[in-house]
1. Can you find, within the stretch B:307-328, the residue that is farthest from residue B:222 (Cα to Cα) among those that are among the small types (Gly, Ala, Ser) and buried (at least 24 other Cβ atoms within 10 Å of the Cβ)?
2. Can you confirm whether residue A:95 is away from chain C (no Cβ under 14 Å) and either surrounded by fewer than 19 Cβ atoms within 10 Å (Cβ to Cβ) or within 30 Å of residue A:255 (Cβ to Cβ) (or both)?
3. Within the group A:103, A:88, which residue is part of a helix (DSSP H, G or I) and either out of contact with any Ser or Thr (no Cβ under 9 Å at 6 or more places or on another chain) or at pLDDT below 95 (or both)?
4. Just to be sure I understand, how many residues within the stretch C:330-361 are touching a Lys or Arg at 6+ places or on another chain (Cβ under 8 Å) and in contact (Cβ under 8 Å) with a residue 12 or more places away in the chain?
5. Just checking, does the stretch A:192-207 include any residue being in contact (Cβ under 8 Å) with a residue 12 or more places away in the chain and within 28 Å of residue A:369 (Cα to Cα)?
6. Before we move on, is residue B:53 more than 14 Å from chain A (Cβ to nearest Cβ), touching a residue at least 12 places away in the same chain (Cβ under 8 Å), touching a helix residue (DSSP H, G or I) at 6+ places or on another chain (Cβ under 7 Å) and not hydroxyl-bearing (Ser, Thr, Tyr)?
7. Do any residues in the stretch A:156-177 that are part of a strand (DSSP E or B) have Cβ atoms under 8 Å from those of residues that are among the aromatic types (Phe, Trp, Tyr), where the two are at least six apart or on different chains, and which pairs are they?
8. Could you list all residues from the stretch A:225-255 that are of a type outside the set (A, V, I, L, M, F, W, C) and under 21 Å from the mean Cα position of the chain (by Cα)?
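The values are calculated or read from the model by the stated rules, or taken from the named source; none is laboratory data. Computed from a predicted structure; not experimentally measured. All Cβ positions, glycine included, derive from the backbone under ideal geometry; neighbour counts span all protein chains shown.
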Amino acid sequence: MEELRAGVEDVALVDHHAHGVVPGELDRAGFESLLTESDAPIPGWMTQFDSPLGFAVRRWCAPVLGLEPHASPEEYLAARVSLGVAEVSRRLLAASGAGRFLVDTGLGGGIAELAEASGKPVHEVVRLESVLEDVGRSGVSAAELPARFQEELSRRTAFAVGIKSIIAYRFGFGFDPRPPGSAEVVRAAGSWLRDGAPRVADPVLLRFALWAGVERGLPLQLHAGFGDPDLDLHRCDPLLLTGFLREVAPRGVDVLLLHCYPFHRNAAYLAQVFPHVHFDVGLAINHTGARATAVLAESLELAPFAKVLYSSDAWGLPELHHLGARLWRRGMTEVLSRHVDSGEWALDDALRVARMIGRDNAERVYGLGPGRC
Amino acid sequence: MEELRAGVEDVALVDHHAHGVVPGELDRAGFESLLTESDAPIPGWMTQFDSPLGFAVRRWCAPVLGLEPHASPEEYLAARVSLGVAEVSRRLLAASGAGRFLVDTGLGGGIAELAEASGKPVHEVVRLESVLEDVGRSGVSAAELPARFQEELSRRTAFAVGIKSIIAYRFGFGFDPRPPGSAEVVRAAGSWLRDGAPRVADPVLLRFALWAGVERGLPLQLHAGFGDPDLDLHRCDPLLLTGFLREVAPRGVDVLLLHCYPFHRNAAYLAQVFPHVHFDVGLAINHTGARATAVLAESLELAPFAKVLYSSDAWGLPELHHLGARLWRRGMTEVLSRHVDSGEWALDDALRVARMIGRDNAERVYGLGPGRC
Amino acid sequence: MEELRAGVEDVALVDHHAHGVVPGELDRAGFESLLTESDAPIPGWMTQFDSPLGFAVRRWCAPVLGLEPHASPEEYLAARVSLGVAEVSRRLLAASGAGRFLVDTGLGGGIAELAEASGKPVHEVVRLESVLEDVGRSGVSAAELPARFQEELSRRTAFAVGIKSIIAYRFGFGFDPRPPGSAEVVRAAGSWLRDGAPRVADPVLLRFALWAGVERGLPLQLHAGFGDPDLDLHRCDPLLLTGFLREVAPRGVDVLLLHCYPFHRNAAYLAQVFPHVHFDVGLAINHTGARATAVLAESLELAPFAKVLYSSDAWGLPELHHLGARLWRRGMTEVLSRHVDSGEWALDDALRVARMIGRDNAERVYGLGPGRC
């Protein structure tokens, strides 16, 4: 259905959870390592190009670089070198049709490069655990830490549109859902500082940071579902956040569950029953490649359409910013076409749902008016 | 495939788990609140009509009220007022083609209205927790409570076809699967009665009621899977009932797992391995709207066809009784057509499976012979 | 797409997890009992032929026996008797196109019959728990048990291509992921031997056997996901193995998660992030019948294609060896055709993926060169 396809194509997506692009050239191993959530070297007997995501790169990114669809990995990487990273990024980001990026600044750089190559507004999302670790390494005492963290968080979020927690990675969602007491926090901070303030994994400190994030009042993003093997996936089912979500409800703070796969149906349930809960299937769209359509279809089963957002969760490669948008547009077009063709949905409703999920819901949640840039 | 479609259309469905219809007029907020499992007011920036279920109401119920498919919410609600609730109920229930309803009488009223508007037999399913709470508030002592509950349960189930437990809501499925001892029950009853017999949440009392239900010998329905946010969904995975199901097996009592989404594949597994276990995907059929087909398809992966039932889990709105049937018929027609068109199933088998799931299995489990009304 | 269909049809499948075929004649009850994972007698009010697997037998096996597709159960069983088991096995195994079988020798016999009837190489996979139970019943002392088990395991695996653990059945995956200490093992062995060395369920002994398996260095198969009701399915989610998989990673031993349904997306995640982890959806392919296509599609969402294998998990009936292959070929053809028809995958890539999953990955993992038979 051409009208639907064109309408979905035209949505100036708000990519509400993305990262920067790696500025330098990448060799094949470096490129492949960004096509997987694994943190181990790719074994010699396989290539990460032989995956749903790898096939999607060859199919959808190759033409943007002037190659035939399904170009070989060798051709693809050669074209990348020949055009240069800056040109590759410019092309892929322009072709994505994304209109804005919300960027988690807690994980590496490449953000200036993303802004430069895309020419689009880039908004900041501040990662709580990074701020806490910076404060912990600044020579603070345990007693001063809580206030110092809150000051630093206020300072760092002055221009931010959202806050993110990766408590999923550091502890999982089986934490006590209530805010910790002050004495507890100071005690936990003491142990942590004595150890030299390494990567925060203490649940009391993580909960302290999380609740400070809630009090800050900005939309709160939570990594949920799959990611690199630093997490235990069975501890990252968003349903395990139910108690925390109940505690947050009266605070008037929006919560955004990121990724969620393979628990996206669970996330959609939470988005139905809790007015402040929203979710996306970012990361999964890219990694499932040709199957992104199926994942998107499942994500539209239980949630009101005002509660679903778009993100790429692209990190490092502009290919991922591009594919997130490309696979979302293809997948949404197919899912919505099925419902329109079967007579179950009206065309206008389908187009409206695409705009809500692709742009409007994010603009509402993050307060990104047309005038904000 | 017209023959298949017509055959599925003709099944006089036994809706083995439903509730009554709200008798009075509803304003828009009241109507929308019955389109969601959320117990919170619908926020001003969204409408529950923008959901899979809301779109299904506009698509499938509007024509029954004399409107075009996809009528606007405003048009739909105006037609509802103009026709009057009684006429709306009559039309929607007649058009559903449901032949019988099994009604959980533990949650509000509207049952006489359902019987009246549908003109079909309505059978009672008694909710254990409601009976227990009624006994608890009747001035009984802790020592008398067990016997008094059993008497009251016998009395209340004299004409019932089944018993239902909502232990999923009150505690979740992580309970000790064996019956509690008498002394334990009296002790738990003592605490509960001293507190004024509020909503039962004590696991000993819940298990006592559940096992009394088993001893009563009627088919036992258990809410499983999603529902309103009074439950913790991760505690309602029917797999957590495995130990209890093993204990019940030798008693010769059929167990019916209701709803089950998003754990319906888990429920289907239990229905394969335990002869007394059955399940449905009621509630999910309505809430997933155009995606009900996908959910039905998944529900038919692992279970023998004699173990799957139909229900709407409609509550309050006759739209929900109607849509349960409509979406089930459409979804089953599509799923079965695929298998027949691809040559994998014979047409006669497909029609037989539709009749088993839509009617025959429920008639067998609940003893609803053609003569019973 | 004929070229794709023919290409998938031509793959000489390595069935990397199967069992033997029952040598004698089976009556209807005996036959039906092998069409379900239930261990209970089939109730009189149902037949296991009325299931996705039962329909698949009638559709796909009947023609191999000279009957029309969708022959009745009575016709099917009569043809089976009339041809004789040996001929039925020969026909079904030949028509499957399987090129090799890896057989778990820990569960009943029929392996010579499988080799004879198929005329294909059959390789052994040794079940750890069976070896341990044999040693436990051999009159060994607790102190001698560890060394005796390791000797026996070495002896029994001398010609094996892999090792299998059914710790999923005996304890579930919530075990301490590290190897147990020697004193612990001797203590646990003492209790066990004093009880007459029954079916091993002690987690210390199970972990001891599992780690002895890891040290043996052969590919390690782990039952995961559904199976007969001797297991608690919620304890068999492969995600619960995450800690164990991290411990095994540095040992250079490949781990193969078997079956995995309904947790196959979880297994695919593990296969993406851990280079040594592989998985299949055997057993589920057969039991889901016409829906095997959907399960296969889901299994191809997150894993690199080098990490997915084929198996039937057939046990007892040659119908199951046949259907595993038939449904895999049909399902893969449909899934891959969709991706090729939509332009998302190149045809050559699709054919290559089919060969990897159907044959090449298993040959690589188990060291089954063309010369090995």
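1. That would be B:325.
2. For residue A:95, the condition - away from chain C (no Cβ under 14 Å) and either surrounded by fewer than 19 Cβ atoms within 10 Å (Cβ to Cβ) or within 30 Å of residue A:255 (Cβ to Cβ) (or both) - is met.
3. After applying the criteria, what remains is A:88.
4. Going through the stretch C:330-361 one residue at a time, the tally reaches 3.
5. No, the stretch A:192-207 contains no residue that is in contact (Cβ under 8 Å) with a residue 12 or more places away in the chain and within 28 Å of residue A:369 (Cα to Cα).
6. Values: more than 14 Å from chain A (Cβ to nearest Cβ): no; touching a residue at least 12 places away in the same chain (Cβ under 8 Å): yes; touching a helix residue (DSSP H, G or I) at 6+ places or on another chain (Cβ under 7 Å): yes; not hydroxyl-bearing (Ser, Thr, Tyr): yes.
The answer is no for residue B:53.
7. Here the result reads A:162/A:366, each pair linking the stretch A:156-177 to a residue that is among the aromatic types (Phe, Trp, Tyr).
8. Going through the stretch A:225-255, the residues of a type outside the set (A, V, I, L, M, F, W, C) turn out to be A:225, A:227-230, A:232, A:234-235, A:237-238, A:242-243, A:246-247, A:250-252, A:254.
A:225, A:227, A:228, A:229, A:230, A:232, A:234, A:235, A:237, A:238, A:242, A:254, listed by residue number.
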